[in-house]
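Take a look at the structure below.
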Amino acid sequence: MSTVPVLDLSLLDTEPERFDGAVRAAAHDVGFFYLTGHGVPQERIDEVLALAREFFDLPQADKDAIAMTNSPHFRGYTRLGGELTRGAVDWREQIDIGQESTSPVRPTTADVPSREGAAPSASDPSGPDYLNLIGPNQWPAALPALRPVMERWDADLARVSRTLLRAWARSLGADPHVFDEAFAVEPATLIKIVRYPAGTDSDQGVGAHKDSGVLTLLLVDPDSEGLQVLPPGAHEWVDVPPLPGAFIVNIGEMLEVGTDGYLHATEHRVVNRRAGADRISVPYFFNPAVTARMPHLPLPADLRTGVTVDPDNPIFDTYGENAWKSRLRAHPDVAARHYPQSAS
């Protein structure tokens, strides 16, 4: 915890400039921090963790009934070993829940438009493949309480996320509402409910990666050890253990794009334990609309260090384009079933 700072969001009420400076430094220096004082009641947190365990305790047939392979929108349940990071198997099971939408499936043959042109419309049937990220969820029939709880969780954490974005904007000399428009219509927020089982043969709970969106708020149960981060310039992984009552926050590639590299999307991973109990985590990904391009903040030239360049992981400033590359790689079975041209 000496490397990953602890920030108290309630400080905004009394010392806003101090909080803005602290959240700017945390995202620039580490890319991760603990967030307390966020105003989400403990009973809400307990409710989410309890429902997560109820979901994973369902019979396997009930979970498989909502398998992600059924969904062209990459929503639903993934079995143990069903997801990849950098081509290696992640040993976890999970359900992916996004913003609910009944938009139709898009054609898969259109080219992604030039980023210099106008953003594509979500109502355009000839739009790019990444518009298929918009769609309905799959909800487990055996656990009807999950939907209302997750929809309330989305609203709670969207409020916290918007507060953080406005603090970053202020701290970097921009209009605090500069990001609002990108999230105004059909934001592509995503909730994962994840179980990391103990006693697996592989240490890889999830492999080293950066999040493709804007920011992530992670809820972990008290036994959820194994999260590690690699801060900018560091050569050794740093453990990030649970902190009671706190979210673990990290920024994603889109915020790195919006600040021309000044704020860092930091690599992180989860290492599975060989013994003990399994672990539950619930990451919440705050993302703009799939068609939204990330606003670029007007930073002075000496702060614009440049976005990370990695030929194996190009970063795009349209959120849907950036997320689509990640979903195709992480879930090749879904890609092969619904988007064989992209998968090949």
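The values are calculated or read from the model by the stated rules, or taken from the named source; none is laboratory data. All figures in this text were calculated on a predicted structure; none of them were measured in a lab. In this analysis, Cβ positions are derived from the backbone assuming ideal geometry, glycine residues included, and neighbour counts consider all displayed protein chains. Heavy atoms of the whole protein, side chains included, go into the accessibility calculation; ligands, DNA and RNA do not. Shrake-Rupley method; radii C 1.70, N 1.55, O 1.52, S 1.80 Å.
Just the residues that are touching an Asp or Glu at 6+ places or on another chain (Cβ under 8 Å) and within 17 Å of residue 287 (Cβ to Cβ), please, taken from region 232-250.
Going residue by residue through region 232-250, those that are touching an Asp or Glu at 6+ places or on another chain (Cβ under 8 Å) are 232, 239, 241-242, 250.
Correct list: 250 only.
Among the residues making up region 312-344, those that are surrounded by fewer than 18 Cβ atoms within 10 Å (Cβ to Cβ), assigned to a loop (DSSP other than H, G, I, E, B) and within 22 Å of the chain's Cα centre (by Cα) are 312, 313, 314, 317.
Return the only residue of 43, 93 being open to solvent by less than 10 Å² (accessible area, probe 1.4 Å), on the phi < 0 side of the Ramachandran plot and among the acidic types (Asp, Glu). None of the other options fit; the residue is 93. Within region 287-310, residues that are without any contact (Cβ under 8 Å) to a residue 40 or more places away in the chain reach partners that are loosely packed, with under 15 Cβ neighbours inside 10 Å with beta carbons closer than 9 Å, at six or more positions or on different chains, in the pairs 300/173. One residue alone among 299, 263 is modelled with pLDDT under 90 and either under 16 Å from residue 165 (Cβ atoms) or touching a Cys at 6+ places or on another chain (Cβ under 8 Å) (or both), and that residue is 299. Exactly one residue out of 144, 222, 232 is touching a Pro at 6+ places or on another chain (Cβ under 6 Å), open to solvent by 40 Å² or more (accessible area, probe 1.4 Å) and part of a loop (DSSP other than H, G, I, E, B), and it is 222. Restricted to helices (runs of 4 or more DSSP H) entirely inside region 7-100, those with at least 3 residues that are more than 30 Å from residue 233 (Cβ to Cβ) and either in contact with a Cys (Cβ under 8 Å, 6 or more places away or on another chain) or not basic (Lys, Arg) (or both) are 42-56, 60-64.
Among residues belonging to region 235-273 that are among the aliphatic types (A, V, I, L, M) and part of a loop (DSSP other than H, G, I, E, B), point out the one that is most open to solvent (accessible area, probe 1.4 Å).
Step one: list which residues in region 235-273 are among the aliphatic types (A, V, I, L, M), which gives 238, 240, 243, 246, 248-249, 251, 254-255, 257, 263, 265, 270-271.
Remaining after also requiring part of a loop (DSSP other than H, G, I, E, B): 240, 243, 246, 263, 265.
Values: 240: 3, 243: 44, 246: 14, 263: 0, 265: 6 Å².
My answer is 243.
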